[in-house]
2 protein chains.
Amino acid sequence: MRLVRYRSPLGGDVARSGAVVEVAGVDRVVDLGADTLPELLAAGSAPLHAAIAAGAAAAPLLSDVRLEAPVRPGKILCLGYNYRGHVPDGVDPTADDPDFPDVFVKTPNTLGGPADPVVVPAVADDVDYEGEIAVVIGRRAKDVGIDDALDHVAGFTILNDVSDRSWQRRQSQWAMGKCFDGFAPLGPWLVTPDEAGDPQDMLVEVVRDGVVTVSQSTATTIFSVAFVVSYLSSVMTLEPGDIISTGTPQKLPAAQGSHRPLRPGDAVTVRIERLGELTTTFIGGPA
Amino acid sequence: MRLVRYRSPLGGDVARSGAVVEVAGVDRVVDLGADTLPELLAAGSAPLHAAIAAGAAAAPLLSDVRLEAPVRPGKILCLGYNYRGHVPDGVDPTADDPDFPDVFVKTPNTLGGPADPVVVPAVADDVDYEGEIAVVIGRRAKDVGIDDALDHVAGFTILNDVSDRSWQRRQSQWAMGKCFDGFAPLGPWLVTPDEAGDPQDMLVEVVRDGVVTVSQSTATTIFSVAFVVSYLSSVMTLEPGDIISTGTPQKLPAAQGSHRPLRPGDAVTVRIERLGELTTTFIGGPA
């Protein structure tokens, strides 16, 4: 299933949860009520499938609703270096693997929906994108083993870990560069594990100005989703709706050479196999 | 005023807000309703003073209620190095000042009340304390200047930024060492600015095993509260209830020499001039 939070064409104060279903070749959004997605998923998939079957024909078009971030996470946990670089033939690609993931936090003010533009702050002149798979926790997790970790995952979505490199590097800790308002657009939907498939076999791509600047499979990650969920849960209780963003691949060599900071008017699409696409437009803000 | 969140002797599902008042030499807690402290403070102090005057005589004893963390912050922002070290006479104490604060984030699972013990996790063998003044945001702040910054502060409380040094230093980012469940005991109360006085003239002390291990005034901080609020608000929108913990002084030389990690059975008191004391006991957890 592809699950969303959205506001209907008629508006309304409260976002609804919904499922995206294709009817006669067109995506529609079936209303699933006001509960959050982890709550809905906790009840099992049978009632959801029944609601979807009953509501599909009369559902509004996906193109007529405004999507919000699919969850409202209490925590947005992010990984630093987690994809191996490209090395010449004969060189061990695991030689530089760190022993442990590097973990940092994005604050709640960073969360954005898939339709929300990101403001390039007037004080930030080195803004960059990081296209990442975001794991959504579905069931509370504390001290879970690697073998049980994926049972606590509600599904997967896409996060652009927008970062200002200059602010990020001012001091040892990255928070200031990572936590500008709106710097974590999330979506467009949560894809449940049955449709998302193997999280260690997904192609992550970023498209900027029509050019593919990132293209790497999660088969090259250092730490698997199951390991990361288990590892984090050894320190902190993970709650339903929490997000773990699994790090970004390096840019392709040509994109590294031609990189320039994001400016108002730019658009970045993160495209992930079986998860969909998240396109974010960048706009100017108050001076 | 000293403002608290608490559960009454009769229990109840929802914490109440209250004011601590001294009546005939004994502290009592006057019920201020179910609103959060930033909401109450936004209405101005006159209705609070009236409620306190009307309710003081019949209020329960402070010693009979269970205090919770005075706010439920959406963000817990913390500073690294912010107190100047002690230098010999003739040496410029500002010589090593960084240009900008080092900022990191503690996740919501770290929050604890002033009466809650902190579990020393079985996987953490290098747990340390950091006694800090925590600024509580009272009014939304974005791009506020230094001169206006303190207008957005609801008051001050005490935070023990409990940290496991081994986990903190595994990688470049400190989150894993900072974000164990319960590693941010907060309280006992929010002290409003009129009673807290000048935040750049407070003595911060830590007492461990009856020995003062930290004793330094906020006059020696590198970045003032007003600067820090302004600086953070240039990046992120600060919301009512958000916490900014302003960093810890270094341990006194003798305490540095004799330091040992916190173990179950230890207790640490953070004592801050005009704010009160926060005593945290450390206990064992499941293996």
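Quick note: the coordinates plus some simple rules give every number you see, no bench work behind them. No experiment lies behind these values; they were computed from the predicted model shown. Every residue, glycine as well, gets a Cβ built from its backbone with ideal geometry; the counts of neighbours run over all protein chains shown.
Here are the numbers for this structure:
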read-out	value
Copy-to-copy label separations for residue B:7, where each label sits 7 Å from Cα toward Cβ, in nm and ascending	3.7
Candidates A:24, A:175, A:58, ranked by Gaussian network fluctuation over chain A, Cα under 10 Å, top entry	A:24
FRET efficiency, 1/(1 + (r/R0)^6) with R0 56 Å, evaluated for residue A:97 and residue A:49 via beta carbons	0.85
Pairs of lysines in the protein assembly as shown (C-alpha under 18 Å apart; 8 or more residues apart or interchain)	21
Rg [Å, one decimal], Dmax [Å, integer] - region A:76-284, C-alpha atoms	16.4, 47
Amide N of region A:121-152 lying under 19 Å from the label point, which is placed 7 angstrom from the Cα of residue A:166 along Cα→Cβ	A:121-130
For region B:2-68, the spread of Cα positions along each principal axis, largest first, Å	30, 28, 16
Label geometry 7 Å along the beta-carbon vector: residue B:263 inter-copy distances in nm	6.2
For residue A:150, label point 7 Å along C-beta direction: distances to other copies, nm	5.7
Stretchable slack from residue A:146 to residue A:86, in nm (0.36 nm times residue separation minus alpha-carbon distance)	18.9 nm
Choice from B:228, B:207, B:14 showing the highest fluctuation, given a GNM over chain B with Cα pairs closer than 10 Å	B:14
Along each principal axis, Cα extent of the protein assembly as shown, largest first, Å	77, 56, 53
Region A:133-242 - Debye-derived log10 I(q)/I(0), Cα point model, q = 0.17 Å⁻¹	-1.00
Most mobile of A:210, A:85, A:155 in a GNM of chain A (Cα contacts under 10 Å)	A:210
Mean-position separation - Cα centroids, region B:37-85 and region B:239-285, in angstrom	20 Å
